[in-house]
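Comments concern the structure below.
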Amino acid sequence: MTKAVLIGPPGSGKTTLGQLLAERLGVGFRDTDTDIEAVAGKPVSDIFVEDGEARFRELEHEAVRRALAEHDGILSLGGGAVLNEETQALLAGHHVVYLQVGLSDAVQRVGLASARPLLVLNPRSRLKKLMEERRPVYERLAVVTVVTDKREPEELADEIVKGLPA
């Protein structure tokens, strides 16, 4: 079973914090977006454009299912992975950590010029809408919620490690 599954919106720090946690705990780090890109043979942004969001979400659910079954370290899920009800069911019983971030911090971290397919048109407004829509799901699935605004990754990692089950 995974040590921790990190969920949250784009810019919450899932990858940065996940890598740091894995290093501290001496376990592997896995990112489902990276798994999806390996299976599809192309970047997430290209999957959205060429194959559509529905196909991406199918690949995403399968990547989460496989990672939860195979990986015993730190797992980072794409921001929208938790929208799938089957994925939500798979997360039951796992130590799910919701990385909560405010809009201004998320905007700074994401950079809004990056290749994030759901943030193409009016990125700040779109990010705000995504965060508001997904927040209740993140909160419901989380065993622990960590507020990341104006905090350093090392401090956040300390807080998460202290809260991990033995």
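The values are calculated or read from the model by the stated rules, or taken from the named source; none is laboratory data. If you're wondering where the values come from, they're calculated on a predicted model, not measured in any experiment. For neighbour counting, all protein chains shown are included, and Cβ atoms are generated from backbone atoms with ideal geometry for every residue, glycine included. To get the accessible areas, we keep the full protein, side chains included, count just its heavy atoms, and leave off ligands, DNA and RNA. Shrake-Rupley method; radii C 1.70, N 1.55, O 1.52, S 1.80 Å.
Computed quantities for the displayed model
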read-out: Hey, Ala113 among the hydrophobic types (A, V, I, L, M, F, W, C), out of contact with any Cys (no Cβ under 7 Å at 6 or more places or on another chain), at pLDDT 90 or above and at negative phi or not; value: no
read-out: Residue tally, condition of a type in the set (Gly, Ala, Ser) and modelled with pLDDT under 95, over the stretch 34-68; value: 3
read-out: Qualifying positions in the stretch 81-90 - open to solvent by 10 Å² or more (accessible area, probe 1.4 Å) and part of a helix (DSSP H, G or I); value: Leu83, Glu85, Glu86, Gln88, Ala89, Leu90
read-out: Number of the exception - Asp72 against (1) more than 18 Å from Lys3 (Cβ to Cβ); (2) in contact (Cβ under 8 Å) with a residue 60 or more places away in the chain; (3) acidic (Asp, Glu); value: (1)
read-out: Some residue of the stretch 4-26 being touching a Gly at 6+ places or on another chain (Cβ under 6 Å) and open to solvent by 30 Å² or more (accessible area, probe 1.4 Å); value: no
read-out: Per-region count, the stretch 21-33, residues more than 19 Å from Leu156 (Cβ to Cβ), assigned to a helix (DSSP H, G or I) and either among the aliphatic types (A, V, I, L, M) or modelled with pLDDT of 95 or more (or both); value: 1
read-out: Where a residue in the stretch 143-159 is free of Cβ contacts under 8 Å to residues at least 12 places away in the same chain and its partner, wherever it lies, is open to solvent by 90 Å² or more (accessible area, probe 1.4 Å), with Cβ under 9 Å and at least six apart; value: Asp158/Arg24
read-out: Only one of Gly102, Gly78, Gly41, Gly93 that is open to solvent by less than 60 Å² (accessible area, probe 1.4 Å) and either touching a Ser or Thr at 6+ places or on another chain (Cβ under 7 Å) or farther than 25 Å from Glu152 by Cα (or both); value: Gly78
read-out: Residue within the stretch 124-145 that is modelled with pLDDT of 85 or more, over 22 Å from Leu20 (Cα atoms), open to solvent by 50 Å² or more (accessible area, probe 1.4 Å) and of a type in the set (A, V, I, L, M) present; value: no
read-out: Residues being open to solvent by less than 30 Å² (accessible area, probe 1.4 Å) and over 16 Å from the mean Cα position of the chain (by Cα) - total across the stretch 49-75; value: 1
